[in-house]
1. Taking the options GLY108, GLY91, name whichever one is touching a residue at least 24 places away in the same chain (Cβ under 8 Å), of a type in the set (Gly, Ala, Ser) and open to solvent by 10 Å² or more (accessible area, probe 1.4 Å).
2. Report, ordered by the first and then the second residue, all pairs with beta carbons closer than 7 Å, sequence separation of six or more or different chains, a first member in the stretch 392-404 that is in contact (Cβ under 8 Å) with a residue 40 or more places away in the chain and aromatic (Phe, Trp, Tyr), and a second member that is part of a strand (DSSP E or B) and open to solvent by less than 80 Å² (accessible area, probe 1.4 Å).
3. Would you be able to say whether some residue in the stretch 168-176 is closer than 30 Å to SER373 by Cβ and either hydrophobic (A, V, I, L, M, F, W, C) or modelled with pLDDT of 85 or more (or both)?
4. If I filter the stretch 601-620 for residues that are at pLDDT 50 or above and within 19 Å of the chain's Cα centre (by Cα), do I get at least one hit?
5. Looking at GLN560, GLN546, can you tell me which residue is modelled with pLDDT of 80 or more, surrounded by 18 or more Cβ atoms within 10 Å (Cβ to Cβ) and of a type outside the set (Ser, Thr, Tyr)?
6. When only residues in the stretch 318-357 that are within 28 Å of PRO69 (Cα to Cα) and of a type in the set (Asp, Glu) count, which is modelled with the lowest pLDDT?
7. How many of the residues making up the stretch 354-386 are more than 25 Å from the chain's Cα centre (by Cα) and not in a strand (DSSP E or B)?
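The values are calculated or read from the model by the stated rules, or taken from the named source; none is laboratory data. Just so it is clear, the structure is predicted and the values come from calculations on it, not from any experiment. Heads up, the Cβs are rebuilt from the backbone with ideal geometry, glycines too, and the neighbour counts pull from every protein chain shown. Just so you know, the surface numbers come from the protein's heavy atoms only, side chains and all, with ligands and any DNA or RNA stripped out. Shrake-Rupley method; radii C 1.70, N 1.55, O 1.52, S 1.80 Å.
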Amino acid sequence: MDLDKKDLRVIGFVILIILTFSYLFYYDMNKRIDFGDRKVIGNIYFKNNVVQRKLDDQVVWERMDNGSPLTNKDTIRSEAFSDALIRLADGTEINIDENSMFNLDLTGDKPSLEFSGGSLQVKKGTSKESSIVIKSQGNEIDVQSGGLKLEKSANKKDLNVFVESGSTKIKKGGKEVEVESGKKAEIAEGKEIAVTRVPIRLLTPESQALFLVEPGQGSAKVPFSWTLDNGLENPVIEVSRSPQFKSNVIEQKVNGDSFTGSLTDGTFYWRIKATESATNKVEKSGEGKFFIQKEEAFRTDSPAMGLQYKYVNTPPLIGFVWTKLGTARGYLFELADNQSFSSPIKKLDTGANTISFDDLKEGSYFWRVTAFSAFPGAENKISTTMAFSIKKENTYPAPNLIRPANGSEISLEEIEKGQATIIWESNPEFSKYKYEISRDAKFGSSLVSKELPGNFVTPNWKELGQGVFFLRLKGYANDGREGEYSIASKFTIVEKKTPDEEPPPPPPPKKEEVKEKPKPPPLELGSPVNSVVEMKGKKTLDFAWQSGPGFDKYEITIYQVVGQNRRSIHRATTKSPTYSLSDLSILDEGTFSWEVLEYRDGAPAQTKKANFILTLDQLKSLRPDQIEFISPKRLYKGDKK
């Protein structure tokens, strides 16, 4: 069938509409919600899998991360096999299980939580200001003290309330019933509130307890204990990954009132069933919940032990970086001029894993971080004490050349692809730099001598031709003084790089000799390596590397480099030799480095690092919850997981 021009214009117009609205839909579904001037009322301090939030004036659900803030009138929901621990500003704790949803409204005299379905635990805060009322289908549950667990049946009409500790008042149809610890209230449509005593009480593990799987171990041992009322016998313990106990990982008859089980990492629920000897009726306890996580190494990344910072006029900006633990609710940072920390110079509570200062004077310093556990009964972690020093000098140092390395070759292919870039470390005290290229090691005459404000440049290599060259650098300070020249670096421009010599094969092992464990294939970084990455129009920053078979996983860490300081901004684990960073908001223009750590047989095997430079059209934007004020001069953004 032939189409005339009018038909083609209509079809083209329809396609344009489809593409436009498809883009708008994609943008709306994936954009970060803007908080505006909303007040932050709490945050998620531990999360498994998918937990989402919707603001009261939005239709888009946003996926939440550890540390994500909550604002008033947020609606929170969890998907299958997902759960989260939430702490409000008044100390109230909310533990949401899978397939559950609630809405927060802290306005007015009675802060409330509207419970829609699923199951959750609420523990009232200890502060005087702490007060919350749970609402569900016209019923009101006033948490007087302690904690309780709520469950809504599949038909979302019947509500069960287990009072784990303290007391709770329940209002229904103008009537009020007080429920004490160890009792259960059943709220059914068209019926009176039925309060019964739970004949089986769970003792350990306590609600929301955390157990850690030690390095090299595949599971953690969990001790269970409980008490039974007189007349109950033949207890059965059930442990499941589902709050509905759809599939149990442990279901076993036990003798006595205790049991120890070995479990891998994850979220678990447990309960006890027992038979009443007189009637053969099966009684059930309430449900307990606990977590098992793999032990996380608590590392202090920067400043490294013994690092010395030098400056002439302007004290350096020093960034402190440590591991962001998934089980921590916050950190205490301490900085002192003595190892005993008797009189700390800086002592700050923070939710981020990075903090920076630009007002430290010349001297020696010690620093450490305490990670506060988000789980009851779990120990806090204290990092090792790290030391660094700051030294004031009279002369400005020479810039440190990164690329090309002394004695290296630059091929014509690299020049054609734009990969031949001169890169050096930036110094915040320098306003500009001068680079010189000469065929003379003593620089009697220069082929290139140019000044520029940045710390990288791509010269017109074709004007130089092939051959041996020498490169040196010098910085110019803000006060007009010149720094020292760097040591001349030698490099060669060649048509094609000299292939690396392959090492001779190792001699065969002698008989009766024990074979040593073979070395793993070398880990090689592919891109970006000592290059400039133009981010215009890109939606991801892509990393690639190579290694041989037999690895377990890779850990990639991305750092932002400012002078001598290297600050971790992103860390991830992958089983692929590639990684794409999609959250470009954590990036800025400037120098970066990245590191890949390879694991084999459950332990770190080898690591490789490389530098690169980013150029961006737009600077990163910060949400209000990601800003921490340390001094009037600086704003700091914490890492995202």
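1. Criteria check complete, one pass: GLY91.
2. Final answer for the pair search is TYR396/GLY475; TYR396/ALA477.
3. yes
4. no
5. After ruling out the rest, the residue left standing is GLN560.
6. ASP349
7. The qualifying residues number 5.
Yes or no, residue by residue, for (1) over 20 Å from PHE456 (Cβ atoms); (2) open to solvent by 60 Å² or more (accessible area, probe 1.4 Å):
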site	(1), (2)
LYS381	yes, no
THR385	yes, no
ILE390	yes, no
PRO397	no, no
ALA420	no, no
LYS432	no, yes
